[in-house]
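Notes for the one structure printed next.
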Amino acid sequence: MAIDRRILTLDEFTIQQFRGFPQATGELSSLLRDIGLAAKRINVEVNKAGLVDILGDYGTTNVQGEEVKKLDIFANNQMMGVLRHGISCAGIGSEEMEDVVIFDDETSNKSKYVCLFDPLDGSANIDVNVSIGTIFSIYKRVSELGKPATKEDFLQPGNKQVAAGYVVYGSSTILVYATKVGVNGFTLDPSIGEFSLSHPDIKCPPTGKFYSVNHGFFFQYPKQVQDYIHACQGKVLDTPESYTQRYIGSMVADVHRNLIKGGIFMYPGTAKKPNGKLRLLYECNPFAFIAEKAGAIATNGKQRVLDIQPTSLHERTPFYVGSKLMMEELETYLKQA
Ligand code: AHM
Ligand code: MG
């Protein structure tokens, strides 16, 4: 069989990309390779979920008091396992675990990075064959190398991220990651079990058709958000510039679509939950980093998400992310008293 050398695998691409940085030690590409491996394992289980009775509630609640599905646990263990055994990660924080896990061993203590992740986002969709995903965020440690990582390593503002990414387990499986030099997407080729570069240099279109928000909470949203949603509805017309509403309820899938096609995703605070639902460290910061590197904008309605100084691991924030011009229009509404 002839080998098609136009196809670059995730590993080939990251090695090539980081070769451009003379100070690069290869640790970051190794970390991304580890995450790619975990994603492949999670993908296998997600795809056979309906067959092996892995579906359904695990019967426990996570630290946010939400019910945990079995696949969440599997995905969490896979991510933790590859990162613990890899050579690049000193510790992890996960949406599924109350506290961080510091890998206190000789190799890990010398590792430069820590990783935060939501192992399986959109888990309410597992039982019904709807796209779900993994989200991750990588920081360089601020603690002393050679010693165990500390909590401060994990509580850095998002603007300190070195890389961030997500995997969508959808009609095909795609891994997208961003570094300071750009955003690239790799589709899993099931015939060879490799993520292959399919979406080079992703740029979010400056405007788009899609607005994504849970209309069920409409009457609990702030007035300014309601006004903006009304404005979006006013654009649902039969013209090329018109908007249309799309909301899957899996942030990875909703934001991925809007990133590629152009659009805006909103999870505002509500009267009952003023900080909304989404977690700053595991969901909003990674997507804000990816969005900005792709030319889009991410805010909490008041400030750039990446500039928020986190104070706790599981804090939540209202979240607005999307195409530049759509976000600018949203901001004119949010500024109104
Ligand atoms: P999860 O991490 O428990 O799966 O929750 C996060 C998900 C996001 O993917 C999605 O955008 C949101 O919850 C949907 O929430 P809602 O049903 O309240 O609109
Ligand atoms: Mg989540």
Please tell me the relative contact order of the chain in percent, rounded to the nearest whole number, where contacts are Cα pairs under 8 Å and at least six residues apart. 15 percent
DSSP-assigned coil residues among trypsin sites (Lys or Arg not before Pro) in the stretch 174-283, each with at most 10 further Cβ atoms within 10 Å: K180, K272
Label-point separation in nm, S191 to A24, each point 7 Å along Cα→Cβ: 2.9 nm
As I understand it, the value is the acute angle between the Cα axis of helix 223-234 and the longest principal axis of the Cα atoms of the chain; what does it come to in degrees, rounded to 10? 80 degrees
For the chain, longest principal axis from Cα atoms; helix 251-261 axis from its Cα atoms; angle between them, nearest 10 degrees, is 80 degrees
Residue span T244 to H199: 0.36 nm per residue of separation minus Cα-Cα distance leaves a gain in nm of 13.8 nm
Once the Cα atoms of helix 324-334 and of the chain are each reduced to a long axis, what angle between those two axes, in degrees from 0 to 90 to the nearest 10, is obtained? 60 degrees
Any idea what diffusion coefficient the chain gets from Stokes-Einstein, in µm²/s, Kirkwood Rh on alpha carbon pairs, 37 °C, 0.692 mPa s? 161 µm²/s
Burial order of peptide ranges 116-125, 280-289 (average beta-carbon count within 10 Å, highest first): 280-289, 116-125
Value at 222 nm in deg cm²/dmol, rounded to 500, when DSSP H runs of n ≥ 4 in the chain each add -39,500 (n - 2.57): -9000 deg cm²/dmol
Given a Förster distance of 51 angstrom, what is the FRET efficiency for K324 paired with I87, based on the Cβ-Cβ distance and rounded to 0.05? 0.85
Full extension from D11 to D307: what is 0.36 nm times the residue separation minus their Cα-Cα distance, to one decimal in nm? 103.5 nm
Can you compute the FRET efficiency between K140 and N275 using 1/(1 + (r/R0)^6), with r the Cβ-Cβ distance and R0 = 30 Å? Round to the nearest 0.05. 0.65
When all C-alpha to C-alpha distances in the stretch 210-334 are sorted into bins of 5 Å, what percent of pairs does each bin hold, rounded to whole numbers? 2, 11, 23, 26, 22, 11, 3, 1, 0, 0
Residue list for the stretch 265-301, given a label point 7 angstrom along the Cα-to-Cβ vector of E331 and an amide N cut-off under 15 Å: 292-293, 295-301
Show log10 I(q)/I(0) for the stretch 156-254 at q = 0.15, 0.23 Å⁻¹, two decimals, from a solvent-free Debye sum over equal Cα scatterers. -0.87, -1.16
What is the gain in length, in nm to one decimal, between K147 and V130 on full extension, counting 0.36 nm per residue of separation less the C-alpha to C-alpha distance? 1.9 nm
Greater than 18 Å apart at Cα, pairs in K209/K261; K140/K277; K209/K235; K151/K302; K203/K302; K160/K180: K140/K277; K151/K302; K203/K302
Calculated P(r) of the stretch 10-199 - Cα pairs past 26 Å, %: 30 percent
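A short reminder: the numbers here are calculations on the coordinates, not readings from a lab. These figures come from a predicted structure and were not determined experimentally. Quick reminder, even Gly has a Cβ in these numbers, built from the backbone with ideal geometry, and neighbours come from all protein chains shown.
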